[in-house]
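Notes follow once the structure below has been shown.
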Amino acid sequence: MKKMKLKQLIGVFLAITVLFLNYLPCVQSIRNTPSELYILEGDTKVLSFGLPFKIKIESDNVDVLKFNGKSLKDYPIYSMSEPISIETVQNGKVSLNFKLFGLIPIKELKVNVQPQKEVIPGGQAVGVSIHTQGAIIVGTSEIIDKSGTTYYPAIEAGLKPGDIIEKVNGVYVKNAEHLSILVDKKRKNGLELDIRRGNMIFQTHITPTLDGNDNKYRLGIWVRDSTAGVGTLTFIDPDSKNFGALGHAITDIDTGLLLPVKNGKIMEAHIVDIKQGSKGKPGEIKGVFSDKQKSMGNVYKNTNYGIYGKINSNIQQIDYKKGIPIAYQDSINIGKATILCTIDDEGIKEFDINIVKINRQSHPNSKGMVVEITDPELLNKTGGIVQGMSGSPIIQNGRIVGAITHVLVNDPTKGYAIFIEWMLDESSKIIE
């Protein structure tokens, strides 16, 4: 009986000890370490926990990494009171398990060692012209026939702003003009529309109505099939010739929805004016370009993390013609950096900024960093981050780390930036 009580007391003590240890600040610091690290081959990552205990590190692949210059095969036990240096040996993926006292699992960490990657940073002001897949409904309206009777064919068919008309009676819609032709040709018995709403596709029947004002058959909708604007080129991959720009999506001005790309292109834009940003009023770089200009590249993807495509002309980049290495988020530091952008007819310039906050991420997001413009020249001309600077590449310690994406409306000197790794991931998915 006494032995049973003793075992119970020991069990309770061990449980309390484990709970206590798990809630120690030093243990919590390990738990708060990202669960996945990306390290470029040849780089070193230092982990500092300040834990006054020894810890055992187990790995499913001891050949990819070294710890403090030693292999886990020979030296699996480390003092957490001192920084631990993780060095790459070769490319590969590793799962690490940290065990306190060699017994209590407190952290799992996946390390992905990637080969060194270099890209050519951008900074050029580019005009972006995109034609969408199908016709996007941006509004619905009534139709009044010759007798004065009012009809609402689009609303009765269940159509909403943001819906995309992909087919009419099985025929793919090329653009808004093509939609009008299909409506006029096939109006007698009504139309079967294939509609995309988000990730869902459905069919609906609609009967065109003869408009009493111009004697044309209409559906009671306003549509858009293209858009254009000015942004900044972020990078070019010298190996694949893929490019990335903007760092955020191009959305429809009326519905706010991401525009699906049928085809598009980027062209050189000429800066004609700058509207300075101020608190509550975002500024803007005003550029001009023509859809008839020679294309610098073709746009194949419009995503939440930028636009992507293939470059098809030689790009003039004064300072970084041969490309520079990228840096994953775990190698980015709070502190000084620069951006490349174009604000006048003098071309690309490099401006000083500070990275003031880093939001470590395991999934893509366009708000990975908060940056602050500190360069006097840029502040004097733009007031900070303005529309048109989206995509401006960020360089720190000779590496490209990300791109500007958004301005903070209440403080135009600051804004958000995306990690370059997310943009490269999207670029790698390009299918022509």
Looking at this structure, is D194 among the acidic types (D, E), over 41 Å from the mean Cα position of the chain (by Cα) and more than 15 Å from P260 (Cα to Cα)?
no
Filter segment 313-329 for residues that are under 22 Å from the mean Cα position of the chain (by Cα) and open to solvent by 20 Å² or more (accessible area, probe 1.4 Å); the one that is modelled with the highest pLDDT is P325
Of everything in segment 54-78 that's hydroxyl-bearing (S, T, Y) and crowded, with 17+ Cβ neighbours inside 10 Å, which residue is nearest to the chain's Cα centre (by Cα)?
S59
Read through the list (1) at pLDDT below 95; (2) part of a strand (DSSP E or B); (3) of a type outside the set (K, R), then give the number of the only condition that I339 fails.
(1)
Output the qualifying pairs, or none if there are none: Cβ atoms under 7 angstrom, residues six or more apart or on different chains, first residue in segment 253-265 and within 13 Å of G134 (Cβ to Cβ), second residue open to solvent by less than 80 Å² (accessible area, probe 1.4 Å) and charged (D, E, K, R).
L259/D252; V261/K301
Looking only at segment 79-95, decide whether some residue is open to solvent by less than 70 Å² (accessible area, probe 1.4 Å), closer than 14 Å to I55 by Cα and either aromatic (F, W, Y) or under 31 Å from the mean Cα position of the chain (by Cα) (or both).
no
Could you check segment 291-312 and list, in sequence order, the residues that are open to solvent by less than 50 Å² (accessible area, probe 1.4 Å), of a type in the set (S, T, N, Q) and in a loop (DSSP other than H, G, I, E, B)?
S295
So which residues in segment 224-275 are open to solvent by 70 Å² or more (accessible area, probe 1.4 Å) and closer than 11 Å to A125 by Cβ, if there are any at all?
E268, H270, V272
With respect to I30, determine if the residue is open to solvent by less than 30 Å² (accessible area, probe 1.4 Å) and modelled with pLDDT under 80.
yes
Single condition G198 does not satisfy, out of (1) at positive phi; (2) crowded, with 16+ Cβ neighbours inside 10 Å
(2)
Filter segment 330-343 down to residues that are among the β-branched types (V, I, T) and surrounded by fewer than 19 Cβ atoms within 10 Å (Cβ to Cβ), then give me how many there are.
2
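Filter segment 96-116 down to residues that are assigned to a loop (DSSP other than H, G, I, E, B) and open to solvent by 50 Å² or more (accessible area, probe 1.4 Å), then give me how many there are.
Within segment 96-116, residues that are assigned to a loop (DSSP other than H, G, I, E, B) and open to solvent by 50 Å² or more (accessible area, probe 1.4 Å) number 4.
Can you find a residue in segment 360-369 that is hydrophobic (A, V, I, L, M, F, W, C) and modelled with pLDDT of 90 or more?
Yes: segment 360-369 contains one or more residues that are hydrophobic (A, V, I, L, M, F, W, C) and modelled with pLDDT of 90 or more.
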Collect the residues in segment 123-166 that are in a loop (DSSP other than H, G, I, E, B), open to solvent by less than 10 Å² (accessible area, probe 1.4 Å) and within 23 Å of D291 (Cα to Cα), keeping them in residue-number order.
G123
Given the condition open to solvent by 70 Å² or more (accessible area, probe 1.4 Å), assigned to a strand (DSSP E or B) and modelled with pLDDT of 90 or more, answer yes or no: does some residue in segment 202-220 qualify?
yes
Hey, does segment 349-356 have a residue that's modelled with pLDDT of 90 or more and in contact with a helix residue (DSSP H, G or I) (Cβ under 6 Å, 6 or more places away or on another chain)?
yes
Within segment 43-53, can one find any residue that is modelled with pLDDT of 80 or more, of a type in the set (D, E), open to solvent by less than 50 Å² (accessible area, probe 1.4 Å) and under 30 Å from I326 (Cβ atoms)?
yes
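The values are calculated or read from the model by the stated rules, or taken from the named source; none is laboratory data. Given the structure is predicted, the values throughout are model-derived calculations rather than measurements. For neighbour counting, all protein chains shown are included, and Cβ atoms are generated from backbone atoms with ideal geometry for every residue, glycine included. We work out accessible area using only protein heavy atoms, side chains counted, and drop any ligands, DNA or RNA first. Shrake-Rupley method; radii C 1.70, N 1.55, O 1.52, S 1.80 Å.
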